[in-house]
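Asks: Just dropping this structure here.
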Amino acid sequence: MYSLNSSLIKSYDYNSDSKVLKISFVDNAEVAYDFEGVPEPLFQEFRASNSKGRFFNSSIRGRFPATKAVV
């Protein structure tokens, strides 16, 4: 997992084989969510963005199925 200095996202990881983006949030870092079907080009945009939280809210949240995952 990659740690961040963000007001929303604590850490993230991406599996390019399964296209799953795992995100843990600042408000509850012990729980993560797997966002399924995230295309690698979109992940690369997320990774390169100056504000991961803003990008997440506008391009990922609510657009991909999410399930709770173990951190």
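The values are calculated or read from the model by the stated rules, or taken from the named source; none is laboratory data. If you're wondering where the values come from, they're calculated on a predicted model, not measured in any experiment. Note that we place each Cβ from the backbone using ideal geometry, even for glycine, and neighbour counts take in every protein chain shown. Heavy atoms of the whole protein, side chains included, go into the accessibility calculation; ligands, DNA and RNA do not. Shrake-Rupley method; radii C 1.70, N 1.55, O 1.52, S 1.80 Å.
Asks: Go through the range 1-25 and count every residue that is hydrophobic (A, V, I, L, M, F, W, C) and in contact with a Leu (Cβ under 6 Å, 6 or more places away or on another chain).
Replies: Total meeting the criteria: 0.
Asks: Then there's this: Restricting the search to the range 1-43, which residues are open to solvent by 80 Å² or more (accessible area, probe 1.4 Å) and hydroxyl-bearing (Ser, Thr, Tyr)?
Replies: Hits for the range 1-43 are TYR2, SER3, SER7.
Asks: Additional query: Are there any pairs with C-beta distances below 7 angstrom linking a residue in the range 51-71 that is under 13 Å from VAL20 (Cα atoms) to a residue that is part of a helix (DSSP H, G or I), with the two at least 6 apart or on different chains, and if so which?
Replies: Partner pairs satisfying both residue conditions: ILE60/PHE46.
Asks: When the residues of the range 1-24 are narrowed to those that are under 9 Å from the mean Cα position of the chain (by Cα) and not polar (S, T, N, Q), which ends up farthest from ALA69 (Cα to Cα)?
Replies: Filtering first and then ranking leaves ILE9.
Asks: Hey, could you check the range 44-60 for residues that are closer than 17 Å to ASP13 by Cβ and assigned to a loop (DSSP other than H, G, I, E, B) and say which is most open to solvent (accessible area, probe 1.4 Å)?
Replies: The residue in question is SER49.
Asks: Name every residue in the range 61-71 that is outside any loop (DSSP other than H, G, I, E, B) and either open to solvent by less than 80 Å² (accessible area, probe 1.4 Å) or of a type in the set (Val, Ile, Thr) (or both), in order of residue number.
Replies: Within the range 61-71, ALA66, THR67, ALA69, VAL70 meet the criteria.
Asks: Being modelled with pLDDT under 90 and touching a helix residue (DSSP H, G or I) at 6+ places or on another chain (Cβ under 7 Å) narrows it down to one of SER7, SER59, SER49, so name that one.
Replies: Working: SER59 fails: modelled with pLDDT under 90; SER49 fails: modelled with pLDDT under 90.
On inspection, the qualifying residue turns out to be SER7.
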